[in-house]
Amino acid sequence: MRAGRSTSLAIALATAVAASLAVSAHRRDEYLQAARLAVEPGRVELELDLTPGIAIADATIADLDADRDGVLSEVEKRAYAHRVFGALVLELDGVALRMDREAMTFPDLNDFRRGEGTIQLRAAAALARQADGDHHVSFRNANRPDGSVYLANALVPASNRVMITGQRRDPAQRELTIDFVLRAGPATSAPPWLLGALTGVAVLAALLMRPSRIA
């Protein structure tokens with residue numbers, strides 16, 4: 001998902017800073033859902049990290065561990081991932097895309113109780129050949145709307161055929177629209193530092209705009 005060494009380093013740094021800001025401000029009674037999308041000429045890749053706060057760890061474990069044996073089986077992991085992806089919508093120019101799960105990582109249940117457990121889900125949607133010009137990818141996350149905090153950002157494309165021209169979010173960041181231009185030849189991508197800075201600003205704005213609650 002990267003366009004060279006310098007771009008890779010810039011994106012990694014921006015993502016790490018954004019993630020650090022979000023986690024450090026993560027309240028004990030919130031379910032943090034952080035989505036990152038990479039738009040390429042032939043596919044859209046989704047990374048979704050789910051981190052429950054300590055105060056809701058037991059409820060999350062009960063939702064995950066259906067047979068209450070204290071261990072997450074592959075069946076239980078797939079069932080949970082299926083429910084999450086069932087609440088997500090990904091569209092290209094208003095047309096729904098089918099997301100295929102590519103990877104999932106679940107922490108030990110005790111990690112949730114310490115507030116350190118993050119579920120990592122990865123998926124991708126194949127794109128039919130698109131005409132050159134302006135397009136937009138829309139993402140909506142309706143997973144666990146009660147008690148959740150959402151983050152959503154675009155990554156810098158690896159291909160120089162794709163140039164991100166804008167990111168539009170709703171106030172809760174449950175919805176993200178990525179405007180981009182698809183070009184036939186080489187195109188100049190937006191500077192990595194600019195998208196990284198915008199990501200950091202969006203994270204801080206989302207955290208500052210949330211109403212305060214007593215943990």
Exercise for the section: Kindly provide the set of residues from the stretch 133-187 that are within 18 Å of residue 90 (Cβ to Cβ), of a type in the set (Asp, Glu) and without any contact (Cβ under 8 Å) to a residue 12 or more places away in the chain, ordered by number. Expected result: 170
Handout entry: Unmet requirement for residue 142, which otherwise passes all of (1) in contact with a helix residue (DSSP H, G or I) (Cβ under 8 Å, 6 or more places away or on another chain); (2) over 24 Å from residue 165 (Cβ atoms)
Key = (1)
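Conditions tested, residue by residue: (1) of a type in the set (Val, Ile, Thr); (2) at pLDDT below 95.
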residue: 100; (1), (2): no, no
residue: 105; (1), (2): yes, no
residue: 121; (1), (2): no, no
residue: 125; (1), (2): no, no
residue: 128; (1), (2): no, yes
residue: 133; (1), (2): no, no
residue: 136; (1), (2): no, no
residue: 143; (1), (2): no, no
Practice task
Say whether the condition of being among the acidic types (Asp, Glu), assigned to a strand (DSSP E or B) and on the phi < 0 side of the Ramachandran plot is met by at least one residue in the stretch 142-161.
Solution key: no
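If you take the residues in the stretch 37-74 that are in a strand (DSSP E or B) and of a type in the set (Asp, Glu), which one is farthest from residue 102 (Cα to Cα)?
The residue in question is 40.
Given the structure, is residue 86 farther than 23 Å from residue 181 by Cβ, under 18 Å from the mean Cα position of the chain (by Cα) and at pLDDT below 95? Break it down into steps so the answer makes sense when it comes.
Numbers: farther than 23 Å from residue 181 by Cβ: yes; under 18 Å from the mean Cα position of the chain (by Cα): yes; at pLDDT below 95: no.
Answer is no for this residue.
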Exercise for the section: Give the number of residues within the stretch 73-118 that are farther than 27 Å from residue 173 by Cα and either in contact (Cβ under 8 Å) with a residue 24 or more places away in the chain or aliphatic (A, V, I, L, M) (or both). Expected result: 2
Practice task
Give the residues of the stretch 75-104 that are surrounded by 12 or more Cβ atoms within 10 Å (Cβ to Cβ), in a helix (DSSP H, G or I) and among the hydrophobic types (A, V, I, L, M, F, W, C), sorted by residue number.
Solution key: 79, 81, 84, 85
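Matching residues to (1) free of Cβ contacts under 8 Å to residues at least 12 places away in the same chain; (2) at positive phi; (3) crowded, with 19+ Cβ neighbours inside 10 Å:
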| site | (1), (2), (3) |
| --- | --- |
| 30 | no, no, yes |
| 36 | no, no, yes |
| 42 | no, no, no |
| 50 | no, no, yes |
| 54 | no, no, no |
| 57 | no, no, yes |
| 62 | yes, no, no |
| 71 | no, no, no |
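The values are calculated or read from the model by the stated rules, or taken from the named source; none is laboratory data. Keep in mind it's a predicted model, so treat the numbers as computed, not measured. Note that we place each Cβ from the backbone using ideal geometry, even for glycine, and neighbour counts take in every protein chain shown.
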